[in-house]
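Here's the structure, in structure tokens; my notes come after.
The values are calculated or read from the model by the stated rules, or taken from the named source; none is laboratory data. Because the structure is predicted, anything quoted here is derived from the model rather than measured. Heads up, the Cβs are rebuilt from the backbone with ideal geometry, glycines too, and the neighbour counts pull from every protein chain shown.
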């Protein structure tokens, strides 16, 4: 009997050790030697303003949807029911779904409504060459950004730094792991992740091949209409100005590209949608490039070239869900989530930008130099759910120890344009001001994150790109953190946001790092 007990105990210990080893392997630091503290160019290599070389490109990252279950009405399902049809295109007898990210688990892609993209821009002043890739993705972890950088470095394209940002689209395949077929099942398709990284690298190479002497044109649309985006949590602060950077061929005078920076969740198609789509960004960018089109008729001509949408401060959260979006071409409003609402929102945004291109005020920059600072740092990880997700391999990223995540902030200065990149869904209060200390907050006292980011930035055109080089969830002011009763703003239950945040110190840590990187740029350029 004693021998049986000892054997049983040994088996239990072995199982525990295997489980612990599995969890530790999932949470291992995938780039243990990686550290970034980059300031370019070195002070002794600072150059006079020159005509920039700029390239721009796009490549699709749309997967081929493999397997589907559909009911008798053609609607996709996760699990079959009587009368359903199973299409096993892969021929392996398994359900190989592309799980759509955002909203909830068990959203298998049933098809493709429109292509999703990697879009890349190259800026080069003869001394410093920077690449930025924007993906139609829910998010792209810092580990995966490092992988892309290493793949680009192997190409010997003389790229000094690569920025990878995500649009935070809720209608595309999961690249983070949180939205799989079950709570403890990763939604990341390894083959698709490999494909996205390869396409991102190819897109950088394609942008390099299009480089030409270029002028910049800079502008800003101060705000967008209230039916296009709303703040779903007080205090009501938006990041709804559209910052614009147009690229113009210095020889021909023809525009060939446009960067647009605006803050909103691309989730207008809604949680019931199971088709892969770039959401409102599809109609917005198509409207800029090819024109606003209804029933085959061009309502507003486009400008050609390639447009790039980089998201802004969307924490809080910024959304069109609940908005009654008006479509002036149909003289009809859409509140319910569907592609009609997507089209109305995207085309309205396109019309705003096209009108600005025609009649708005623009500043032309014929010569400029590039200065860049990029710095990695550690966030504290207090979110127990994230830790469990990492241990079980659902949260598909590495950890530094058990309570730390490596992340990054960047700041690029090109003439009067400052471009700050932030690694998550940042509340607009941290960017534009309006931080409050509401009654019932868990951390009362004066705001910690002062001055806010755009007050610290010294540019005339201050771009702030969220979900860049990482996705760490919601980043809110410490004084607005609220998980314990009594709840702020007379809420009956805890507000949404904190459950998808690293913890209450995330805002202060990010603010400290932004302060340091701005101070470094000012020291370099003064």
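Across the stretch 468-500, what is the number of residues that are within 20 Å of the chain's Cα centre (by Cα) and either within 25 Å of residue 217 (Cα to Cα) or free of Cβ contacts under 8 Å to residues at least 12 places away in the same chain (or both)?
Result for the stretch 468-500: 1.
Please go through the stretch 151-201 and pick out each residue that is touching a strand residue (DSSP E or B) at 6+ places or on another chain (Cβ under 8 Å) and at positive phi.
158, 168, listed by residue number.
Do we find a residue being without any contact (Cβ under 8 Å) to a residue 60 or more places away in the chain and in contact with a strand residue (DSSP E or B) (Cβ under 8 Å, 6 or more places away or on another chain) anywhere in the stretch 347-363?
The answer is no; no qualifying residue exists.
Identify all residues within the stretch 280-306 that are in contact with a helix residue (DSSP H, G or I) (Cβ under 6 Å, 6 or more places away or on another chain) and either touching a residue at least 60 places away in the same chain (Cβ under 8 Å) or crowded, with 18+ Cβ neighbours inside 10 Å (or both); write none if there are none.
Correct list: 280, 283, 284, 287, 288, 292, 302.
Matching residues to (1) under 24 Å from residue 413 (Cβ atoms); (2) surrounded by 19 or more Cβ atoms within 10 Å (Cβ to Cβ); (3) modelled with pLDDT of 95 or more; (4) in contact with a strand residue (DSSP E or B) (Cβ under 8 Å, 6 or more places away or on another chain):
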{"residue": "52", "(1), (2), (3), (4)": "yes, yes, yes, yes"}
{"residue": "61", "(1), (2), (3), (4)": "no, yes, yes, yes"}
{"residue": "65", "(1), (2), (3), (4)": "no, yes, no, yes"}
{"residue": "87", "(1), (2), (3), (4)": "no, no, no, yes"}
{"residue": "105", "(1), (2), (3), (4)": "no, no, no, yes"}
{"residue": "139", "(1), (2), (3), (4)": "no, yes, yes, yes"}
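Among the residues of the stretch 453-483, how many are touching a helix residue (DSSP H, G or I) at 6+ places or on another chain (Cβ under 6 Å) and in a loop (DSSP other than H, G, I, E, B)?
Summing the residues that are touching a helix residue (DSSP H, G or I) at 6+ places or on another chain (Cβ under 6 Å) and in a loop (DSSP other than H, G, I, E, B) in the stretch 453-483 gives 7.
All but one of (1) over 26 Å from residue 41 (Cβ atoms); (2) under 17 Å from the mean Cα position of the chain (by Cα); (3) modelled with pLDDT of 95 or more hold for residue 202; which doesn't?
The single condition residue 202 does not satisfy is (2).
Can you list residue pairs whose Cβ atoms sit under 6 Å apart, with the first residue in the stretch 427-443 being in contact (Cβ under 8 Å) with a residue 60 or more places away in the chain and the second being loosely packed, with under 15 Cβ neighbours inside 10 Å? Count only pairs 6 or more apart in sequence or on different chains.
Partner pairs satisfying both residue conditions: 442/484.
Which residues, counting only those in the stretch 497-513, are under 20 Å from residue 413 (Cβ atoms) and crowded, with 21+ Cβ neighbours inside 10 Å?
Residues satisfying the conditions are 510, 511.
Within the stretch 255-275, identify whether any single residue is closer than 25 Å to residue 361 by Cβ, without any contact (Cβ under 8 Å) to a residue 12 or more places away in the chain and surrounded by fewer than 24 Cβ atoms within 10 Å (Cβ to Cβ), and answer yes or no.
The answer is no; no qualifying residue exists.
Every residue, every condition in (1) at pLDDT below 95; (2) in a helix (DSSP H, G or I); (3) within 19 Å of residue 207 (Cα to Cα); (4) more than 24 Å from the chain's Cα centre (by Cα), yes or no:
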{"site": "247", "(1), (2), (3), (4)": "no, no, yes, no"}
{"site": "251", "(1), (2), (3), (4)": "no, no, yes, yes"}
{"site": "259", "(1), (2), (3), (4)": "no, no, yes, no"}
{"site": "269", "(1), (2), (3), (4)": "no, no, no, no"}
{"site": "273", "(1), (2), (3), (4)": "yes, no, no, no"}
{"site": "284", "(1), (2), (3), (4)": "no, yes, no, no"}
{"site": "287", "(1), (2), (3), (4)": "no, yes, no, no"}
{"site": "302", "(1), (2), (3), (4)": "no, no, no, yes"}
